[in-house]
Every structure is written in structure tokens, then in C-alpha cells.
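The values are calculated or read from the model by the stated rules, or taken from the named source; none is laboratory data. Everything quoted here is computed from the prediction, not taken from an experiment. Don't worry about glycine lacking a Cβ; one is built from the backbone with ideal geometry, like all the others, and counts go over all protein chains shown. Heads up: the accessible areas ignore ligands, DNA and RNA and are worked out on the full protein's heavy atoms, side chains in. Shrake-Rupley method; radii C 1.70, N 1.55, O 1.52, S 1.80 Å.
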Amino acid sequence: MKSVLLILLWSQLYAETIHSSLLSYIEHKEFKNSVQKEAGDIYGFGTDIHSGYSAYKFIYEYGYTNTKQPPLKEDLQTSKLFLQYSYDLQNDLKFNMNYIQILYDNIAITNGGQAYGLGLTYQPEKNICTNFTQYYTHYHDFNVYQSDGTVEYKMNMNGFRIKFSSILKYIHIEEKNINSFTKNAKDDYLTSGLKLHIHYSDYHFGSAVFLGKRAFAVMDNGFKIQHHAMEFDRTYAVGIGKDISDFVLRFQYIYSRAKELPANNANVEISNIRVLLNYKF
């Protein structure tokens, strides 16, 4: 999968570019009631290239988190790679391929894990769009199968461009070897989410909510992966942004509640402040 995506990328780079961007973000996380983590920072950068009927997105992410010692022996360091390729088959139909690689994790047994995604987007009406993407995540001790269904509805009202998104995720965990990560996890999870995005003039506003338990989930359309043993039961997010010439600056606040599965420690609260910058070219 990784080789196929890279070949497709290089074969299309010389085609006419329609609209593309460079992207970067910084996140700061605070953990409350955790027996493992205290606070951490995440740095990401990448590009989103649209050329002809194809679109390519790449993100590299590095994270560092202060941990509690004991029980952990050292602070957490991670690096991850996210790739996506999509192609317009016709005006109302396109497919997408995703690849995720956990390049490095000095603590978790999910170090080296890989996730693959294959999806199809169908737009029956100008203002309605649906997507189904199937993910398969491979770790040394267990596998995760995830099915995502999304329905989007767009509308214009007095200069406001509004988009509603409804998301349903089904997750199945297949244990291969007895391990602490899946010991207290369920075999199956079903979680749902709602998103709202409003664009007016140069301003953006967004909000999201996810309810229902989930673990080891692929999130954010294949650009986040929850590879640590945490069972989330709710997530709330709000954000605001502004177009400044060729740049888009956004601020987000995300709150989640989870249970640390190895310790069976519930009511862990995670507060995440995220700053994102895109440059359009």
C-alpha cells in the first residue's frame, strides 16, 4: 500500500495543480486523573496536493509526553506517518486509499503498527455526500477492523456556508496474543459523531461531538490513530479560524474522557489545545 501511494504521487506531480496547501500544527495535551501521563506536545507538518483528478495528502507527526515514573520508566516519544490518495472516478464518485505507519513508540507494544484504509465517496446530490471507508490496523499482538460511514449535508444561508456531518464507527478487535493492551478491552465498539462547520466571509467555526465507547480507533478521516490502550467514551471539540491572504489560521479545543485499559483506571480527562496553519498555493 505504501509503495503504491508513493508511485502514484510521483507520477502525477507534473500534472496541472488546481489548489493545494502546505499544513502544520502544534498541540498541547494535559491529562487529569491519569496514572501514566501528565502533559505532552505534538508537532505535525505535511502537504495537500490536488492535481487533475487526483489528490494526495501527507502528514508527519512527532510527539513528546511527560509520564509518571513509576509506573513508566521513561517519557513517551512517538512519530507517525499519514498518507492518503484519492481519485475522482466521475463527477459523483471517487475512491480513497489511506496508509498509517507508527514509526516509533518507545513505550507502547503498538510500536511499528500499520493501518490501511480503502473507501468510496458518492455524491448523489450537489449538497449531499456519503463516504464509506474500511480500515485494517495490524499490530504484533492484535488486529483492529474499523468501518466508517459518513453522511454530509451542505447548505448556503445569507452568506453562510454550512456543513453538517454524521459519522458512525464500528470497531472490532481481534486478539492474537495475550497482552495488557486488549486485556480489559471489549471485542466490539460502536460510536457515533456529529460535526458542524460554518464558513462566513474569511471566518470559520467548527464543533464536533463523539459519543459511545471506542478504543484503538482511526480518527480524523485517517489522519489520527489512537494506538495506546485507552477506551474513550466521549469527545467534544470546538474551533475557530480565519483566512489571512493565502494562509488559514485555526484554533481548536478538544476535550475527551477515557479509561486507561491496562490499569483499568477510569475518568481520565484529556484537554487538547491545537493551533493549525495552512498556506494555500
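What to note about this one:
- Single residue of 142, 132 found to be touching a residue at least 12 places away in the same chain (Cβ under 8 Å) and farther than 23 Å from residue 57 by Cα: 142
- Residue check for residue 211: closer than 23 Å to residue 142 by Cα, open to solvent by 70 Å² or more (accessible area, probe 1.4 Å) and under 20 Å from the mean Cα position of the chain (by Cα): no
- Residue count for the stretch 18-56, restricted to those that are assigned to a strand (DSSP E or B) and in contact with a helix residue (DSSP H, G or I) (Cβ under 9 Å, 6 or more places away or on another chain): 4.
- Counted residues, the stretch 113-129 - those being exposed (fewer than 14 other Cβ atoms within 10 Å of the Cβ) and under 18 Å from the mean Cα position of the chain (by Cα): 0
- Residue match in the stretch 99-112 (condition: in contact with a Phe, Trp or Tyr (Cβ under 8 Å, 6 or more places away or on another chain), open to solvent by 60 Å² or more (accessible area, probe 1.4 Å) and of a type in the set (Phe, Trp, Tyr)): no
- Of all the criteria given as (1) under 30 Å from residue 180 (Cα atoms); (2) at pLDDT 95 or above; (3) open to solvent by 70 Å² or more (accessible area, probe 1.4 Å), the one not satisfied by residue 132 is (1).
- Residue match in the stretch 151-162 (condition: free of Cβ contacts under 8 Å to residues at least 24 places away in the same chain and small (Gly, Ala, Ser)): no
- In the set 78, 17, 47, 65, only one residue is at pLDDT below 95 and either under 23 Å from residue 277 (Cα atoms) or surrounded by fewer than 18 Cβ atoms within 10 Å (Cβ to Cβ) (or both); that residue is 17.
- Filter pass, residue 30 being open to solvent by 70 Å² or more (accessible area, probe 1.4 Å), out of contact with any Phe, Trp or Tyr (no Cβ under 8 Å at 6 or more places or on another chain) and acidic (Asp, Glu): yes
- Residue 142 being closer than 20 Å to residue 110 by Cβ and over 18 Å from the mean Cα position of the chain (by Cα): yes
- Sole residue being among the hydroxyl-bearing types (Ser, Thr, Tyr) and within 20 Å of residue 29 (Cβ to Cβ), chosen from 255, 200, 189: 255
Yes/no matrix, rows are residues, columns are (1) surrounded by 13 or more Cβ atoms within 10 Å (Cβ to Cβ); (2) over 20 Å from residue 131 (Cβ atoms); (3) among the polar types (S, T, N, Q):
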{"position": "153", "(1), (2), (3)": "yes, no, no"}
{"position": "167", "(1), (2), (3)": "yes, no, no"}
{"position": "177", "(1), (2), (3)": "no, yes, yes"}
{"position": "195", "(1), (2), (3)": "yes, no, no"}
{"position": "205", "(1), (2), (3)": "yes, yes, no"}
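- In the stretch 223-256, the qualifying residues are those that are more than 17 Å from the chain's Cα centre (by Cα) and surrounded by 17 or more Cβ atoms within 10 Å (Cβ to Cβ), and the one that is nearest to residue 169 (Cα to Cα) is 241.
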